[in-house]
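Here's the structure, in structure tokens; my notes come after.
Every read-out reported here was derived from the displayed coordinates using simple, explicitly stated rules and does not represent laboratory data. Since the structure is predicted, the reported quantities are computational estimates derived from the model, not experimental observations. Cβ coordinates were reconstructed from backbone atoms using ideal geometry, including for glycine residues, and neighbour counts include every protein chain displayed.
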Amino acid sequence: MLPARDSKRRVLKDVFGFDDFRPGQEAAMDSVLAGRPVLTVMPTGSGKSLCYQVPALVLGGLTVVVSPLVALMQDQVAALRLAGVAAETINSSLMRDANIEAWRRVAAGETRLLYLAPERLMTGRMLEALSRLDLRLIAIDEAHCISQWGPAFRPEYGALSRLREIFPKVPVIALTATADESTRADIAARLFGAEVTSLVQGFDRPNIKLSVCARREGKRQLLDFLARHPGKSGIVYCLSRKKTEETAAYLNQQGVKALAYHAGMGKDQREANQNAFMTETGVVMVATIAFGMGIDKPDVRFVFHTDLPGSLEAYYQEIGRAGRDGGPAEAQMLFGLGDIRMRRMFIDDEDSSAEHKRRAHGRLATLIGFCETAACRRQILLRYFGETAQACGNCDNCLNQAPRQNGAAEAKLILAAIAQTGERFGPAHIVDVLRGGETEKIRDRGHHLLAVFGAGAARRKEDWQSLIRQMVAAELLTLDAQGHGGLAITPKGEALRRGEGGFEYRLEAAPAKDRKSRGTPLAPMAAGDDALLAALKSLRLRLAKERRVAAFLIFSDRSLLDMAALKPRNRDEFALVHGVGVAKLKEFAAPFLRVIAEQG
């Protein structure tokens with residue numbers, strides 16, 4: 001029998017066709033093959049699946065893989081079968097006869113890897129049946145779900161903690177791309193009873209440019225972003241199914257080839273859209289978070305969030321679907337107060353424990369601080385996962401510094417309020433103290449008698465909240481996400497209280513009102529513009545004949561009327577014309593601008 005090292009290399013080459021391991025893979029495999037429980041945290045696209053697939057084939061017998069999504073299981077099984085590996089999935093999307101036949105092959109010892117959702121695995125009948133088989137390994141994919149998904153959503157993920165008792169001699173490997181130190185500790189405690197080897201790879205994806213901006217005209221901002229990536233594949237994430245469909249329809253109207261994807265669509269349509277995205281170039285997938293797990297398309301050039309993600313972990317995982325080939329990619333996020341309210345409502349309405357909600361609110365506050373920080377975004381993101389980095393030079397804050405203002409005086413007031421209240425209270429109470437709020441909580445604790453009470457009454461509540469979030473991002477404060485959400489002062493914050501160091505905060509520039517924006521009514525045409533309109537119609541007809549299409553497919557009459565009224569002088573202004581999307585801007589701006597200039 002070959003030594004484990006030789007066996008796993010042979011499997012890697014013969015089955016999967018790879019000459020060598022990627023960073024972190026071999027260490028994870030060695031832990032599994034030695035029978036040690038292991039938690040593996042590796043960046044998206046770094047080959048986590050091989051960490052259990054190769055040991056499964058080396059160990060022989062049966063490996064059970066727990067996976068959260070049917071589509072992800074089916075993709076993995078299809079890929080393994082193409083590689084000649086006997087793999088099965090039993091899930092609710094298959095006909096009963098197909099599931100029975102799959103189980104027959106498992107029970108006969110023909111199957112090496114069996115993919116199951118936690119809901120199916122953790123039934124008494126399935127656990128009993130597996131106990132009679134030659135089970136050699138259990139792999140739990142997307143393990144962060146154990147910690148971050150509330151019990152009302154996927155309670156069986158929490159029940160996976162029973163596996164070490166039911167199968168005490170079977171090694172377990174848990175894998176995820178997104179887990180900060182708190183989440184890793186939670187997974188270790190819940191799944192392994194803290195007895196686990198944790199292997200954490202670097203989180204940095206330096207080829208992805210990061211940018212965040214406040215939502216003003218969301219559709220306009222999305223189109224402007226897509227105009228920088230003409231003909232490229234990318235993902236646009238939306239918070240709701242309705243917005244997903246509306247956004248995809250809108251982009252198609254604007255000349256962008258876009259498809260929708262969300263869990264409420266029929267299985268056949270979802271698969272067709274996913275196949276188109278995976279195989280065709282220049283497709284924009286507009287999706288909820290239902291799309292993404294297991295997606296390994298190397299040439300995704302951008303990810304755009306129309307809404308605030310659920311957490312920095314979710315954000316990191318979603319942007320990680322871009323630039324897997326190592327080429328330049330871009331991730332942009334829009335956020336607004338409505339997003340923050342919606343995310344808070346999701347947390348508050350969830351059927352989960354007070355502790356889970358406190359941690360979720362803490363994660364949300366950290367994400368908002370990331371959005372509002374004036375510092376290098378990559379430094380903030382990597383620090384969240386326990387890593388340090390130099391300023392990256394590849395985020396909006398590094399490349400185009402937002403206006404900043406000296407906030408040392410305001411920061412000292414916040415620090416004083418936190419210190420005087422005992423470093424036990426969250427942002428809401430600290431802001432109430434600063435603004436002189438007459439709340440029952442303040443009266444009961446005597447905080448209306450503090451020297452700092454009412455010292456910040458001249459500023460709006462939202463301003464103080466933003467300052468606190470930016471101070472958290474600047475490491476002047478920490479937010480206890482695992483406890484009661486209280487703010488505490490860091491050594492760096494204590495230094496600022498003593499007058500050492502400083503604090504600058506980010507000013508969000510107010511959007512300028514553009515009279516030519518898409519949302520404004522058409523301007524009236526001036527006298528003499530009839531000739532311009534006729535020239536535009538003549539050009540439209542000539543272009544349509546060249547392409548053998550109907551003239552209205554080039555531009556509608558309303559678009560020509562808009563051109564004649566607004567008289568755009570360059571591509572940026574032409575982009576504001578009704579009906580001009582990314583594709584039409586690229587193809588038709590030059591000839592129409594030339595006619596407008598000639599008639600001017």
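Using Stokes-Einstein with the Kirkwood hydrodynamic radius over Cα pairs, what translational diffusion coefficient do you get for the chain at 37 °C and a viscosity of 0.692 mPa s, in µm²/s rounded to a whole number? Mind showing how you got there, number by number?
Details: Rh = 27.1 Å.
Estimated via Stokes-Einstein, D reaches 121 µm²/s.
What number, rounded to the nearest 500 deg cm²/dmol, is the helix-based mean residue ellipticity at 222 nm of the chain, given -39500 (n - 2.57) per DSSP H run of at least four residues and division by all its residues?
-13500 deg cm²/dmol
Report the Cα centroid-to-centroid distance between segment 67-104 and segment 6-59 in angstrom, as an integer.
Between the Cα centre of segment 67-104 and that of segment 6-59, the gap is 21 Å.
Where the convex hull is taken over the Cα atoms of segment 70-173, what is its projected area averaged over directions, in nm²?
Numbers: hull surface 27.4 nm².
Value for segment 70-173: 6.8 nm².
Once you place label points 7 Å from the Cα toward the Cβ at K13 and A408, how far apart are they in nm?
6.4 nm
Tell me, what is the Rg over Rh of segment 404-506, with Rh the Kirkwood radius over Cα pairs?
Values: Rg = 12.6 Å, Rh = 13.5 Å.
My calculation of the ratio gives 0.94.
What is the spin-label model distance, in nm, from R96 to E440 if the labels are put 7 Å beyond Cα along the C-beta direction?
Each label point is offset 7 Å from its Cα along the Cβ direction, giving 5.5 nm.
For segment 326-375, what is Rg from Cα atoms divided by 2.2 N^0.38 Å, rounded to two decimals? Walk me through the numbers on the way to the answer.
On the way: Rg = 13.9 Å, N = 50, 2.2 N^0.38 = 9.7 Å.
With N residues counted in segment 326-375, Rg over 2.2 N^0.38 Å equals 1.43.
Students often check this: by mean Cβ neighbours within 10 Å, which of 377-383, 455-461 ranks highest, and how do the rest follow? Display every interim value, and only then the final one.
Working: 377-383: 21.7, 455-461: 13.7.
Answer by packing, highest mean first, reads 377-383, 455-461.
Run a plain Debye calculation on segment 208-399 (Cα atoms as equal point scatterers, no solvent) and give log10 I(q)/I(0) at q = 0.09 Å⁻¹, rounded to two decimals, same order as the q list.
Evaluating at q = 0.09 Å⁻¹ gives log10 I(q)/I(0) of -0.33.
Rounded to two decimals, what is Rg over Rh for segment 215-314 when you use alpha-carbon atoms and the Kirkwood radius? All intermediate terms of the calculation are to be shown ahead of the outcome.
Values: Rg = 12.6 Å, Rh = 13.6 Å.
Checking Rg against Rh, the ratio lands at 0.92.
How far apart, in nm, are two points set 7 Å out from the Cα along the Cα-to-Cβ line at A214 and at D268?
If labels sit at A214 and D268, their model points lie 4.8 nm apart.
Listed here are the pairs K219/K461; K412/K461; K412/K492; K267/K297; which of them are more than 24 Å apart at the Cα? Walk me through the intermediate numbers first.
Details: K219/K461 29 Å; K412/K461 17 Å; K412/K492 12 Å; K267/K297 20 Å.
Correct reply: K219/K461.
How far, in nm, would the chain grow between D396 and L135 when pulled straight, counting 0.36 nm per residue and subtracting the alpha carbon separation? Walk me through the numbers on the way to the answer.
Values: separation 261, 0.36 × 261 = 93.96 nm, distance 5.00 nm.
Result for the pair: 89.0 nm of gain on full extension.
Just the Cα atoms of segment 97-233: what Rg and Dmax do they give in Å?
Over segment 97-233's Cα set, Rg and Dmax evaluate to 20.7, 60 Å.
Determine the gain in length on full extension of the stretch K461-M126; use 0.36 nm per residue of separation and subtract their C-alpha separation, reporting nm with one decimal. If you can, show how the numbers build up before the last one.
On the way: separation 335, 0.36 × 335 = 120.60 nm, distance 5.38 nm.
My answer for the length gained is 115.2 nm.
Show me the three semi-axes of the equivalent ellipsoid for segment 343-481, from the C-alpha gyration tensor (sqrt of 5 times each eigenvalue), largest first, rounded to whole Å.
Equivalent ellipsoid semi-axes, largest first: 28, 21, 12 Å.
Return the tail of the calculated pair distribution for segment 4-200, meaning the percent of Cα-Cα pairs more than 27 Å apart.
Numbers: 4372 of 19306 pairs.
Value for segment 4-200: 23 percent of Cα pairs lie more than 27 Å apart.
Give me the Kirkwood hydrodynamic radius of segment 6-72 in Å, from all C-alpha pairs, to one decimal place? Walk me through the intermediate numbers first.
On the way: mean 1/r = 0.0793 Å⁻¹.
Here the Kirkwood hydrodynamic radius works out to 12.6 Å.
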